[in-house]
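The values are calculated or read from the model by the stated rules, or taken from the named source; none is laboratory data. These numbers come from a predicted model, not from an experiment. Here the Cβ is made from the backbone with ideal geometry for all residues, glycine too, and neighbour counts use every protein chain on show. Accessible surface is based on the protein model in full, side chains and every heavy atom, while ligands, DNA and RNA are left aside. Shrake-Rupley method; radii C 1.70, N 1.55, O 1.52, S 1.80 Å.
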Amino acid sequence: MHLSREEERAYQGEEGESLRRAMEILVALGDIYGADRLIPVRSVQVAGVSFKTIGEAGLEWISDLRGRVVVSAVLNPAGMDLTRWQKMGIDERFAKKQLEIVEAYRRLGVSPDCTCTPYQIRPELARRGDHLAWSESSAVSFANSVIGAKTNREGGPSALAAALVGKTPRYGYHIEEKRVPTINIAVEADLKPSDYGILGYIIGKEVGDGVPRFIFRKRPDVDDLKALGAAMAASGSVALYYFDEEAPAAPKGSEEILVSDRDLQDVRQECAPDDEVDVVAIGCPHSSERELAEVARLLEGNKVERELWICTARATAERRSDLVGKIERSGARVFCDTCMVVSPASDRYRKMMVNSGKALAYIPTLCKMKAAYGSVEECVRAATRRV
Ligand code: F3S
């Protein structure tokens with residue numbers, strides 16, 4: 001990979017040890033994937049924040065780094081609400097380590113916005129055509145597919161390296177030719193908002209790391225697309241999809257998948273809730289203001305009988321403290337900075353009901369719990385009365 005004189009100096013350690021380590025990661029990645037050079041990025045989103053996932057080794061690695069990021073950089077969800085962790089049942093040892101991790105990132109200049117939906121709270125981080133170095137799979141999918149920015153799915157260390165250098169190797173989804181659809185998906189089903197998570201769950205399994213091009217009967221809205229991309233990134237590893245009528249179709253001879261109401265119904269039945277559900281969680285990816293408003297409306301005049309969590313970004317919760325107040329009057333809890341998958345708070349439950357295809361895919365594997373699926377309305381109903 002070609003390096004400019006300035007990049008070469010950093011690579012040789014003439015700009016300090018942290019930049020040398022960052023350049024080492026970027027050059028190694030670039031060499032593996034055949035990048036020709038480094039390109040500037042507008043922003044970085046860094047995964048690898050929860051102490052549950054990165055442990056002592058990760059904390060040590062981040063704490064050892066010096067210097068400052070040179071582009072806007074934000075964090076992925078941590079393992080707990082950074083201020084209300086006791087309410088999540090998090091123990092003090094975990095909390096101490098988690099706060100140390102966030103502090104280590106903050107010292108490097110990474111903003112502790114701890115969310116997988118940075119585009120909901122800071123739209124300036126990603127615009128159409130921008131190159132980014134984002135890590136969290138649903139954020140990557142949204143950036144590539146809905147915003148029209150360009151990012152590979154970075155690991156935590158490579159994202160942090162990109163933030164310190166301000167650049168990323170040019171390969172994969174940064175290159176136009178790698179962004180062509182590979183498979184057509186004709187959705188004949190009549191989709192309700194709660195079906196997009198299930199649709200993504202089904203299609204992710206089918207297409208793996210392909211680039212699906214959807215044909216819908218009705219244009220999805222932004223929250224539908226957020227749910228669809230998140231689920232495909234978890235049950236498969238889809239980082240880019242197309243949904244616009246004007247988007248090019250996959251090349252002639254490419255496979256085509258038809259999705260019927262029956263396909264969705266089968267998964268819904270398989271994942272229907274039962275009496276074993278002992279916790280309900282909404283907000284994967286993090287809830288938007290509109291989603292908070294819907295939960296608040298559904299909970300009005302009700303009290304929860306099962307634990308109900310709603311996960312969102314702190315900035316969203318602060319902006320809509322009125323909705324948070326309404327939700328919490330029912331006994332449900334709004335948690336910020338974290339989620340049901342990356343927090344150890346989930347570990348004490350047996351079966352979690354979610355409205356997310358991504359959480360449905362991850363909870364059995366990453367949290368070792370059973371999972372059930374339903375719409376937001378069904379989730380609220382399950383939390384407020386017996387199923
Ligand atoms: Fe976000 Fe956690 Fe889901 S990081 S996409 S809420 S698994």
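Cβ-Cβ contacts under 8 Å between residues 6 or more apart (or on different chains), taken from a first residue in segment 322-337 that is among the polar types (S, T, N, Q) to a second residue that is in a helix (DSSP H, G or I), are listed as S330/L299; S330/T384. Scanning segment 1-22 for residues that are part of a helix (DSSP H, G or I), in contact (Cβ under 8 Å) with a residue 40 or more places away in the chain and over 22 Å from I101 (Cα atoms) yields E7, A10. Beta carbons closer than 8 Å, at least 6 apart along the sequence or on distinct chains, pair a first residue in segment 280-307 that is of a type in the set (D, E, K, R) with a second that is at pLDDT below 95 and open to solvent by 40 Å² or more (accessible area, probe 1.4 Å) for E305/R385; E305/R386. Filtering segment 23-38 to residues that are open to solvent by 20 Å² or more (accessible area, probe 1.4 Å), touching a residue at least 12 places away in the same chain (Cβ under 8 Å) and assigned to a helix (DSSP H, G or I) leaves E24, I25, L29, D31, Y33.
Scanning segment 172-183 for residues being within 19 Å of A233 (Cβ to Cβ) and open to solvent by less than 30 Å² (accessible area, probe 1.4 Å) gives a total of 5.
Consider segment 340-360 and keep the residues that are open to solvent by 20 Å² or more (accessible area, probe 1.4 Å) and not basic (K, R). The one that is nearest to S288 (Cα to Cα) is N355. Selection over segment 103-115 of residues that are within 15 Å of E60 (Cβ to Cβ) and within 15 Å of the ligand (Cβ to nearest atom) gives a count of 0.
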